[in-house]
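Inspection log for the structure reproduced underneath, given as structure tokens.
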Amino acid sequence: MAEGIRWDWLGRHADDITRLTVEHLALTGAAMGIALAVALPVAFAVRGRRIPFAVAGGVADVLYTIPSLALFALLLPYLGIGRAPAVIGLAAYALTMLLRNAVVGLQGVPAAVKDAARGVGMTPRQLLWRVELPLALPAVITGVRLATVSTVGIATIAAFVGGGGLGELIWNDGIQRDLFLTPIVAGTVLTTLLAVVLDAALLGVERLLTPWTRRGRA
């Protein structure tokens, strides 16, 4: 039978809760960093190329459809128990949202703008970094926001492969202790709050980096 909420337990385990929250944030940050390092160069390479984009997007979609626990388990023989399989698995799940949003943003840059940039002598690299990427930023950051919120939630599964994070509160301290509700509720609430806070922070970054969008709406 599930035990009710015990507020004194939270106070006695405040240090552990803080540590697991930091671990969860570190898992999310590491996974998003790897996913961005893979997704953005691929998006740059396949933008405007229908078949390569379809192939890259298809691979990312297939990875996203694999159940999270199964994917982590498949990585265990190669990476062992710990943070590595959790980070790699989470990065794989983030790829599809990052890749597709980045490509959509880059493809949405008006052809007239690119023609004008070429007309003033910009090289392909200058065109990408000075024109296409800045104009695609809203779509790119939207992908980052979606992937980050998703990663925060999926990262709770990392506890099953020894990856740490708030999943340990939910599984190790809660479910395995005859459904002790206090750590289950604490882990769930903290995971949700972390997702909301990161999404709000990324929204602020987007507004800071794309001031022209606010002027356009005004």
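The values are calculated or read from the model by the stated rules, or taken from the named source; none is laboratory data. Since the model is a prediction, treat every value here as computed from it, not as a measurement. FYI the Cβ positions are ideal-geometry reconstructions off the backbone, even for glycines, and counts take in every protein chain you see.
Could you give every pair whose Cβ atoms fall below 7 Å, whose first residue belongs to the stretch 181-201 and is closer than 13 Å to His13 by Cβ, and whose second residue is among the acidic types (Asp, Glu) and modelled with pLDDT under 95, counting only separations of at least 6 or pairs across chains?
From residues that are closer than 13 Å to His13 by Cβ, the pairs are Pro183/Asp173.
So which residues in the stretch 100-117 are in a helix (DSSP H, G or I) and either within 28 Å of the chain's Cα centre (by Cα) or basic (Lys, Arg) (or both), if there are any at all?
Of the residues in the stretch 100-117, the ones in a helix (DSSP H, G or I) are 100-107, 111-117.
Within the stretch 100-117, Arg100, Asn101, Ala102, Val103, Val104, Gly105, Leu106, Gln107, Lys114 qualify.
Counting only residues that are surrounded by fewer than 16 Cβ atoms within 10 Å (Cβ to Cβ) and either in contact with a helix residue (DSSP H, G or I) (Cβ under 7 Å, 6 or more places away or on another chain) or part of a loop (DSSP other than H, G, I, E, B) (or both), how many does the stretch 46-59 have?
Selection size over the stretch 46-59: 3.
Looking at the stretch 94-146, which of its residues are at pLDDT 90 or above and acidic (Asp, Glu)?
Once the filter is applied, which keeps residues that are at pLDDT 90 or above and acidic (Asp, Glu), the stretch 94-146 yields only Glu132.
Out of everything in the stretch 86-136 that is over 30 Å from Leu74 (Cβ atoms) and among the charged types (D, E, K, R), what residue ends up being surrounded by the most Cβ atoms within 10 Å (Cβ to Cβ)?
Glu132
Looking at the stretch 98-125, which of its residues are among the aliphatic types (A, V, I, L, M), touching a residue at least 12 places away in the same chain (Cβ under 8 Å) and more than 16 Å from Gly29 (Cβ to Cβ)?
The answer is Leu99, Ala102, Val103, Val104, Leu106, Val109, Val113, Ala117.
Before we move on, is Ala14 loosely packed, with under 13 Cβ neighbours inside 10 Å and within 26 Å of Ala102 (Cβ to Cβ)?
Answer is no for this residue.
State the number of residues belonging to the stretch 59-74 that are within 23 Å of Thr148 (Cβ to Cβ) and without any contact (Cβ under 8 Å) to a residue 60 or more places away in the chain.
Of the residues in the stretch 59-74, 11 are within 23 Å of Thr148 (Cβ to Cβ) and without any contact (Cβ under 8 Å) to a residue 60 or more places away in the chain.
Among the residues of the stretch 184-191, is there at least one that is within 21 Å of Gly33 (Cβ to Cβ) and either modelled with pLDDT of 95 or more or not basic (Lys, Arg) (or both)? Before the answer, list the steps.
First, pick out the residues of the stretch 184-191 that are within 21 Å of Gly33 (Cβ to Cβ): 191.
Still in the list and also either modelled with pLDDT of 95 or more or not basic (Lys, Arg) (or both): 191.
Among the residues of the stretch 184-191, at least one is within 21 Å of Gly33 (Cβ to Cβ) and either modelled with pLDDT of 95 or more or not basic (Lys, Arg) (or both), which makes the answer yes.
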